[in-house]
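Visitor: Got a structure for you, written out below as structure tokens; questions coming shortly.
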Amino acid sequence: MTSITDKKTANRSTVLTNGTLGMILFVATEVMFFSGLISSFIINGSDNVGAWPPKWQPRLPVVNTALNTLLLLASGVTMYLAVRNINKDKEQGKISRNLILTMILGGSFVAIQGVEWINLLQAGMTSTSSVFGAFFYTIIGAHGFHALMGVLYLVYVSTKIIKTTEYKVKKNLIHVLSIYWYFVVLLWPVLYVLVYILPSKN
């Protein structure tokens with residue numbers, strides 16, 4: 001006969017799955033990684049003798065990127081709705097619909113950033129044209145890579161959810177995915193203000 005203590009232990013063991021714990025630890029290392037990049041960017045900006053960024057360098061598309069930022073933030077909302085629906089055991093259609101919307105919004109963000117990079121490269125801003133350019137492509141490129149991986153992860157999870165009928169599997173997949181996607185979404189406004197807004201005021 002199972003004791004009350006055993007039942008409590010079993011309940012506690014299901015609060016945090018291995019996948020969730022692994023993703024939390026991964027995101028924690030990525031936070032440290034971006035913290036190092038951000039610290040270096042700030043230090044180099046404050047120590048830079050000339051203008052930051054250089055006046056001859058093409059200006060960053062602050063307004064267009066602000067609109068692109070709204071797309072990414074909207075994808076965070078649709079991801080939240082997907083998590084809320086799976087927590088409330090809602091119908092399959094609502095969950096899949098919100099994940100697909102997240103995928104479309106996230107993919108649009110990455111695509112627009114790709115166009116932005118092409119325009120900046122054609123205008124003469126490269127990773128070797130200035131220290132600011134090197135930091136821009138490193139920091140924004142690192143985030144863009146994470147966003148792209150997140151979109152591919154969304155495709156993978158969406159496919160798995162459609163194929164499986166197990167509610168527990170679906171719930172775990174979405175919870176692990178949401179941790180990563182929230183990281184991608186919440187990090188971006190910090191980078192946008194730091195790299196796009198503040199230097200443009202110098």
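We did not get these values from a lab; they are worked out from the coordinates using the rules stated. Predicted model, so just to flag it, every value in this text is computed and none were measured. Quick reminder, even Gly has a Cβ in these numbers, built from the backbone with ideal geometry, and neighbours come from all protein chains shown.
Visitor: Going toward the positive end of the dipole of the chain, with +1 on Lys and Arg Cβ and -1 on Asp and Glu Cβ, which of Gly114, Thr138, Thr78 do you reach last?
Guide: The residue sitting most towards the positive pole is Thr78.
Visitor: Also: Per DSSP helix of 4 or more residues, -39500 (n - 2.57); summed, then divided by the residues of the chain. What does that give at 222 nm, rounded to the nearest 500? Walk me through the intermediate numbers first.
Guide: Values: 6 runs with 155 residues, N = 202.
Computed mean residue ellipticity for the chain: -27500 deg cm²/dmol.
Visitor: List the relative contact order of the range 64-151 as a percent without decimals, with contacts defined as Cα pairs under 8 Å and 6+ residues apart.
Guide: Reported relative contact order: 28 percent.
Visitor: In terms of the ratio Rg/(2.2 N^0.38 Å) built on C-alpha atoms, what value belongs to the range 55-112?
Guide: On the way: Rg = 15.5 Å, N = 58, 2.2 N^0.38 = 10.3 Å.
Ratio of Rg to 2.2 N^0.38 Å for the range 55-112: 1.50.
Visitor: Another question, then. What whole-number value in cubic angstrom gives the convex hull volume per residue for the C-alpha atoms of the chain?
Guide: 130 Å³
Visitor: Would you kindly state how much longer the chain becomes between Val190 and Trp117 on full extension, computed as 0.36 nm times their sequence separation minus their alpha carbon distance, in nm to one decimal?
Guide: Values: separation 73, 0.36 × 73 = 26.28 nm, distance 1.92 nm.
Extending this stretch completely gives an extra 24.4 nm.
Visitor: Between rounded, prolate and oblate, where does the range 144-191 land on the alpha carbon gyration tensor, with a ≥ b ≥ c its root eigenvalues, rounded for a/c under 1.5, else prolate if a/b exceeds b/c? Each step should come with its number before you reach the end.
Guide: Numbers: a/c = 4.90, a/b = 2.10, b/c = 2.34.
It comes out oblate by the Cα gyration axes.
Visitor: Just grab the label-to-label distance for Tyr167 and Ser39, each label 7 Å out from Cα along the Cβ direction, in nm (one decimal).
Guide: 4.6 nm
Visitor: OK, next. Based on Cβ point charges of +1 for Lys and Arg and -1 for Asp and Glu, what charge dipole magnitude is obtained for the range 30-110 about its Cα centre, in debye rounded to the nearest 20?
Guide: The calculation lands at about 300 debye.
Visitor: Follow-up question, since we're still on this one. Would you work out the relative contact order for the chain, in percent, from Cα pairs under 8 angstrom that are 6 or more residues apart?
Guide: For the chain, the relative contact order is 31 percent.
Visitor: What are the trypsin sites (Lys or Arg not before Pro) within the range 119-202 that DSSP puts in a loop, where the Cβ has at most 16 other Cβ atoms within 10 Å?
Guide: Values: sites: Lys160, Lys163, Lys168, Lys170, Lys171, Lys201; in loops: Lys201.
Sparse-neighbourhood loop trypsin sites (Lys or Arg not before Pro): Lys201.
Visitor: Something else about it: To the nearest 20 debye, what is the magnitude of the charge dipole of the chain about its Cα centre, counting +1 on the Cβ of each Lys and Arg and -1 on the Cβ of each Asp and Glu?
Guide: That gives the chain a dipole magnitude of about 720 debye.
Visitor: Please compute the Kirkwood hydrodynamic radius over the range 51-160, one decimal place, Å, based on all pairs of different Cα atoms.
Guide: Evaluated over the range 51-160, this radius sits at 15.5 Å.
Visitor: How high is the FRET efficiency from Ala66 to Ile104, r the C-beta distance, R0 22 Å, rounded to 0.05?
Guide: Efficiency, from the Cβ-Cβ distance: 0.65.
Visitor: Follow-up question, since we're still on this one. Can you sort Thr69, Thr164, Thr17 so the residue with the fewest Cβ neighbours within 10 Å comes first?
Guide: Thr164, Thr17, Thr69
Visitor: Separate question: I want to check the label-to-label distance for Arg59 and Val155. Put each point 7 Å from Cα in the C-beta direction and report it in nm to one decimal.
Guide: Taking the simple label geometry, Arg59 and Val155 are separated by 3.7 nm.
Visitor: Filter the trypsin sites (Lys or Arg not before Pro) in the range 38-118 down to the DSSP loop ones having no more than 10 other Cβ atoms within 10 Å, then list what survives.
Guide: In loop regions of the range 38-118 (DSSP not H, G, I, E or B), the sparsely surrounded trypsin sites (Lys or Arg not before Pro) are Lys55, Lys88.
Visitor: Within 10 Å of each candidate Cβ there may be at most 16 other Cβ atoms; applying that plus a DSSP loop requirement, which chymotrypsin sites (Phe, Trp or Tyr not before Pro) in the range 48-156 survive?
Guide: Values: sites: Trp56, Tyr80, Phe109, Trp117, Phe132, Phe135, Phe136, Tyr137, Phe145, Tyr153, Tyr156; in loops: Trp56.
Answer in residue order: Trp56.
Visitor: Next question. What's the FRET efficiency of Thr29 with Ile197 using the Cβ-Cβ distance as r and R₀ = 22 Å, to the nearest 0.05?
Guide: E between Thr29 and Ile197, to the nearest 0.05, is 0.20.
Visitor: Something else: Under 19 Å between alpha carbons: how many lysine pairs meet that in the chain, if sequence neighbours fewer than 8 apart on the same chain are excluded?
Guide: Value for the chain: 19.
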